[in-house]
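Comments concern the structure below.
Please treat every number below as a calculation from the coordinates, not as lab data. A quick note: this is a predicted structure, and the numbers were derived from the prediction, not measured. Neighbour counts run over all protein chains shown; Cβ positions are idealised from the backbone, glycine included.
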């Protein structure tokens, strides 16, 4: 039976990973994004259950105790977690799944899924990153300053990823990440499973 591939997309805040993932979902079949749980407040324009599952800290800690998460991370003072049940179910159905998570969570996931493909999205410069944070109008000046202060620390973990892509021209970035996904789908480890019936028939006398 076809087994899905797990893709991890990591980036400093403001690098454009959410817009990138949304475009990939639009263009690529059988690709889903995991909706994380978070304790951070909902932002204008976001929808509970679509952008995130917004929960309070008590509920989040209860889910940790119940073993509901594949990974958790503390990011900018808020907690984030990925549903174990949902991810495993979709991979088992043969769907590829994208996790849009912090570098801390990416490391945890790679320990559990060594075959997962991690992609790090970089900004073309720190100046561009700052400009994007201001333009999206989601955070106050203090929050933006905190995100910028932590950006270098986040970026230092690019070495842990399988691929690094600079998000300068959006369309080019989408094409590059799409190529990575399509390439991983064709790796022999995946194809031996996905094409098992065809290979068996081709091997018949």
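Worth pointing out:
- Cα centroid separation - the range 158-179 against the range 39-59, whole Å: 27
- Helix axis angle, 103-112 relative to the chain longest principal axis, alpha carbon, degrees: 20
- Taking other C-beta atoms within 10 angstrom as a stand-in for reagent exposure, 62, 118, 83 fall in the order 62, 83, 118, fewest first.
- For the chain, the mean residue ellipticity at 222 nm estimated from helices alone is -13500 deg cm²/dmol, where every DSSP H run of n ≥ 4 contributes -39500 (n - 2.57) and the total is divided by all residues, rounded to the nearest 500.
- The calculated FRET efficiency for residue 200 paired with residue 89, based on their beta-carbon distance and R0 = 25 Å, is about 0.40.
- With 0.36 nm allotted per residue and the present C-alpha distance subtracted, the residue 58-residue 43 stretch has 3.4 nm of extension available.
- Normalised by the number of residues in the chain, the average gap of Cα pairs under 8 Å and 6 or more apart makes the relative contact order 31 percent.
- For the chain, the longest principal axis of the alpha carbon atoms and the long axis of helix 126-135 meet at an angle near 80°.
- Among 38, 143, the ranking by other beta carbons within 10 Å of each residue's beta carbon, starting with the fewest, stands as 143, 38.
- Sorted by Cβ density within 10 Å, fewest first, the residues 111, 136: 111, 136
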